[in-house]
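Data block below; observations after.
The values are calculated or read from the model by the stated rules, or taken from the named source; none is laboratory data. Small disclaimer: the values here were computed from a predicted structure and weren't measured. Positions of Cβ are generated from backbone atoms using ideal geometry, with glycine treated the same way; all protein chains shown enter the neighbour counts.
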Amino acid sequence: MKKVTPIGSRKAEHIRINLEEDVRSRLSTGLEHYRFVHQALPEIDLQAVDTSLTLFGRRLGAPVLISSMTGGTAEAARINQNLAQAAQKHRVALGVGSQRAALEHPELADTFRVRHLAPDILLFANLGAVQLNYGYTVDHCRRAVEMIEADALILHLNPLQEALQPEGNTRFSGLLRKIEAVCRALEVPVVVKEVGWGISEHTARLLAEAGVAAIDVAGAGGTSWSQVEMHRAPTERLRRLAAAFVDWGIPTAESLLAARRGAPDLPLFASGGLRNGIDIAKTIALGAALGGMAGRLLHAAAQSPEAVDEALTLVIAELRLAMFAAGAADLPSLRRTPLQRRAPCPEETL
């Protein structure tokens, strides 16, 4: 019989490992291969640069998504609250971690509830899509949304992570049809995201045809969940199996471009290894509506809401200054701003 770790313990392990261990992918995001053309005469005023947008009925101050991270433990509750306070101040989007734990253990619901701290933000509920093959229904999705008064639902895809967990759920057959049923029945928009290995052109096309409202490509280049699972593997065989996938996935920049080809009419979110506001600006220029960040903000949220506020202040300032130096007065202009693709150095091709 395989060992099954209680959900709450697993969440606590995930937080600890992400904070204490090196769990980065060996792949880069690919964003380093792109650069803006500097405009010495931008013909705009810095204070006039507009980073705002409207998405799913919410007005955002910047195209920033605090990517889904955690919930289900006391520490996770504090982290979510710290993230929410800073998100409200800067009017950026926020996703909570998978709410399966709270659906199965209602006493954990408060660890996900942040609407009272962030009444005006774009807030995403979150469930693992594969749970639709394990008895979850549209009603479970609706309960997740209502639990936190969310504006939309994220269904996350994580086949590799599930396969590397002793307690993982790996029945992904027929899942697309069930995602389509949720999209048709749920009263709020449904977003589908990966967790760090990217969305291919083919997958993006299938999701668009299924009726999703947006796709978060969540490409490779940031946190590698195979590395996270390596650190919690109960046996040497599983540890070695997880370690083999440290360079697996589609780099974020490649995945964003592929998803744009597969789903040209959908809003795309770009997450996976974004380091700063310049990276976010690059993803907007490459076709994203939002740029998502997790790891950097998790470390800040483990400290205090002020630390998250400071981190977001810097990220948005970096974004604004990148737009100014590239001559883009607003986000529509930024999307029309061409990027130069840098040829790889000889050693990068070896």
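Details
- Test: residue in segment 46-65 that is small (G, A, S), surrounded by 15 or more Cβ atoms within 10 Å (Cβ to Cβ) and farther than 27 Å from L153 by Cα: no
- Remark: pairs (first residue in segment 1-28, charged (D, E, K, R); second residue at pLDDT below 80 and surrounded by fewer than 18 Cβ atoms within 10 Å (Cβ to Cβ); Cβ separation under 8 Å; 6+ apart in sequence or on different chains) = E13/T5.
- The residue of segment 10-45 that is nearest to H231 (Cα to Cα), among those that are among the hydrophobic types (A, V, I, L, M, F, W, C) and over 20 Å from the mean Cα position of the chain (by Cα), is F36.
- Here the condition is being touching a residue at least 24 places away in the same chain (Cβ under 8 Å) and under 19 Å from A220 (Cα atoms); of L238, L312, L298, L319, it holds for L298 alone.
- Residue check for T283: polar (S, T, N, Q), surrounded by 18 or more Cβ atoms within 10 Å (Cβ to Cβ) and either over 15 Å from the mean Cα position of the chain (by Cα) or at pLDDT 95 or above (or both): yes
- Number of residues in segment 27-38 that are charged (D, E, K, R) and either in a strand (DSSP E or B) or exposed (fewer than 13 other Cβ atoms within 10 Å of the Cβ) (or both): the value is 1.
- Any hit, segment 7-24, residues being modelled with pLDDT under 95, under 26 Å from V308 (Cβ atoms) and hydroxyl-bearing (S, T, Y): yes
- Extreme residue, nearest to the chain's Cα centre (by Cα), among residues of segment 81-107 that are among the aliphatic types (A, V, I, L, M) and within 16 Å of I15 (Cα to Cα): V96
- Some residue of segment 51-69 being touching a helix residue (DSSP H, G or I) at 6+ places or on another chain (Cβ under 6 Å), of a type outside the set (D, E, K, R) and over 15 Å from M323 (Cβ atoms): yes
- Residue in segment 57-71 that is assigned to a helix (DSSP H, G or I) and in contact with a Gly (Cβ under 7 Å, 6 or more places away or on another chain) present: no
- Top-ranked residue in segment 46-56 [being under 20 Å from the mean Cα position of the chain (by Cα) and outside any loop (DSSP other than H, G, I, E, B); ranked as nearest to A150 (Cα to Cα)]: L55
- Qualifying position, being among the hydrophobic types (A, V, I, L, M, F, W, C) and within 26 Å of S224 (Cβ to Cβ), among L108, L164, L123, L186: L164
- Of all residues in segment 71-94, those that are closer than 17 Å to M147 by Cα and touching a residue at least 60 places away in the same chain (Cβ under 8 Å) have Cβ atoms under 8 Å from Cβ atoms of residues that are among the basic types (K, R) and part of a helix (DSSP H, G or I), 6 or more apart or on another chain, in G71/K11; G72/K11; T73/K11; A76/K11.
- Condition check for A109: of a type in the set (G, A, S) and in a helix (DSSP H, G or I): yes
- Residues in segment 305-349 that are at pLDDT below 95 and in a helix (DSSP H, G or I): P346, E347, E348, T349.
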